[in-house]
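Shown next, in structure tokens, is the structure this report addresses.
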Amino acid sequence: MVGGEAVGADERERTFLARHARPGDFEKITRLDEGAPDDSDVKGLALRGKTIIVSWKTVTTHDVFISARPTFKEGMRQMSEQPVFEWKLPEGKSLDRYLEGIITLSGYLTKEKSSAEEPEVGTGLESEIELARNIGALSGTHDLDERATRLVVRQHFKYNITLKNENVARLHPETLILELSEQKKRPTYEDSRLRLPPDIRLGVWRKLIETKEDVGEIPSLLIDAAKDLSPELAKNGVTYAQLSELAHLAVQLTATGESLQSWVEYREIRELPNLTNEYLRNEVRCRAKEGRAGWPIDYLVFGNDEGGALLALFGLEGNELALLVTMLLGKAQGNEMFSQEATHWLNALASSPLRENVPLQKKIEVAKTLNGQWKNLETMWLLYCGQEPATPSTWFIASDGEQRALHVELNQMVKTRAVGNAVPNLKGIIDLLGELSAGEVDALAELRPRLTWRSAGRWLEGWQTLNRPDVYQAEIVRLLVSNEDIPSDFSFESLDDQHRVAQVNQAIH
């Protein structure tokens, strides 16, 4: 033997190896001294024993590792007090591989091994090695690269390791954002257990929204993002422009769906009530122009265009507007969501330029159902059908826009001639509209409804009011030559000579 100190070290090594070596190696190890034969196997085993001794001490005394894994510390203590042949390793686990795992653990803890290296497998110490890689990656004060960041974040969630704030600041930003989104972790502390700066949280919310498979869930994600990030506006942590861009992205992604109704809940959120309004409004206007399925209800909710004044500029076909009115009228008649909004919208349509483009029959349906702002149209329709719905004093005074619309609708009624055997109450129509254009008068004269002495009164009175004796007397002649019995009080004095001749000619032929 050499000096006492060297002898002491060898003795300590022999003692450990004697207690921890495999039984088959025991004789070789106990012969290890200065005078032993030059046996390479024995020397190799001795060197490996030295490495195991150093590694064992590193692992069992590493403060961070022990505090993170107290149960592992206790297991190591018990094994240190037992001979190797008494160790109870999990079934199928090799002692050789276990000791190699101890060496690997020590390598990560002492930074002899890089966290980027692939961990040892089959040692029975896989989770401990992963934890050691984590500790090795975080040792020091340098910023972590992408690979180390990925490891640390994954270990944070897998092994419930708490990352200190100063270590969070060292993580690679883009990799951190990607890892959180891939693990479906929201950047709030409650979900991630990380104190993240505003820019990272913004990036994670964006990534979560971008990668959400169910687009119907995107609005709720944006709502949560707004709740999380809106306090940062006052601190200048994020800007309103950044949040607005996030909202724009969310709306664009949901625009691929059949409906935008999943955004309805967002209207009640107080944090940023106007965040998506402009984007949703633009989207529903595009849907209206394209005639996308279900666009009327989306337009009702998000179009910000009561009565459809803007829709009047889109050049929509009559069938598309008929669909719009049908759907909104159904909503207005039902006791369900948006019924009140639909009622307001249809009432506003009465004074909207869009009114003139809506098919007549649909407007009459609205007038019969809602009355209110549509009272004048309902009245004119009843008058056109020969009824006396009300006295003029109960009719609403129409605005200039409504007057124009009523004249258009009267022309549509005359054009469709959809009155059957009814004789229009021409006097009532004149009282309602005030006056008729020359074109309207000529069109009504061409109408020539089937007259009876009983039904013709207000029709004939109207022609007198219009100061059209030619039409008035021509209509009387039509009555006289009909199969109707002439009233006893009828006076032929009311006819001029020309019309009397016409009457005779009609009778002869």
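The values are calculated or read from the model by the stated rules, or taken from the named source; none is laboratory data. Model, not experiment: these values are computed from the prediction. A quick note on method: Cβ atoms are made from the backbone with ideal geometry, for glycine too, and the neighbour counts reach across all protein chains shown. Ligands, DNA and RNA are stripped out before the accessible areas are found, and what is left, the full protein with its side chains, is counted by its heavy atoms. Shrake-Rupley method; radii C 1.70, N 1.55, O 1.52, S 1.80 Å.
Shape class of the range 215-277 from the alpha-carbon gyration tensor: prolate, with a/c at 1.5 or above and a/b greater than b/c.
Computed with every protein chain present, the accessible area of Phe157 is close to 40 Å² [probe 1.4 Å].
Which order do Met337, Met79 take by accessible area at a 1.4 Å probe, largest first?
Met337, Met79
The distance linking the range 309-371 with the range 272-299 is 17 Å (Cα centroid to Cα centroid, whole angstrom).
Tell me whether the range 329-382 comes out rounded, prolate or oblate; compute the Cα gyration tensor, take square roots of the eigenvalues as a ≥ b ≥ c, and use a/c under 1.5 as the rounded threshold.
prolate
In what sequence, highest mean first, do 139-152, 435-448 appear when ranked by Cβ atoms within 10 angstrom? Don't skip to the end; give the middle numbers.
Details: 139-152: 16.2, 435-448: 14.3.
My ranking of the peptides, most packed first, is 139-152, 435-448.
Counted by Cβ distance under 10 Å from Glu100, the other residues give a net charge of 0, where Lys and Arg count +1 and Asp and Glu count -1.
Tell me, what is the FRET efficiency for Arg267 and Lys164 to the nearest 0.05, using R0 = 60 angstrom and their Cβ-Cβ distance as r? For R0 = 60 Å, the calculated efficiency reads 0.90.
What net charge is computed for the residues neighbouring Ser399, neighbours being all others with C-beta under 15 Å from the C-beta of Ser399, Lys and Arg scored +1, Asp and Glu -1? Don't skip to the end; give the middle numbers.
Numbers: positive: Arg355, Lys375, Arg404; negative: Glu356, Asp400, Glu402, Glu409.
Around Ser399, the surrounding residues sum to -1.
The mean sequence distance of close C-alpha pairs (under 8 Å, at least 6 residues apart), as a share of the length of the range 226-369, puts its relative contact order at 19 percent.
How much FRET efficiency would the formula 1/(1 + (r/R0)^6) give for Ser455 and Glu278, where r is the Cβ-Cβ distance and R0 is 45 Å, rounded to 0.05?
Numbers: r = 57 Å, r/R0 = 1.26.
According to the calculation, E is roughly 0.20.
Sequence neighbours fewer than 8 away in the same chain don't count; with that in mind, list the lysines whose C-alpha is under 27 Å from Lys50. Leaving aside lysines fewer than 8 places away in the same chain, those within reach of Lys50 are Lys28, Lys73, Lys88, Lys93, Lys111, Lys113.
Can you work out the PRE-style zone for Arg154? Point 7 Å along Cα to Cβ, and I want the residues of the range 101-131 with backbone N under 19 Å. Backbone N within reach: 105, 108-109, 113-131.
Full extension of the chain segment joining Gln252 with Val215 gains 12.3 nm, where the gain is 0.36 nm per residue of separation less the Cα-Cα distance.
Note on Met337 and Ala474: with the Förster distance fixed at 56 Å, the Cβ-Cβ geometry gives a FRET efficiency of about 0.50.
Each peptide in 279-288, 199-208 gets a packing score, the mean of other Cβ atoms within 10 Å over its residues, and the list from highest to lowest is 199-208, 279-288. Here the peptides 371-378, 87-94 are ranked by packing, the mean other Cβ count within 10 Å, and the order with the highest first is 371-378, 87-94.
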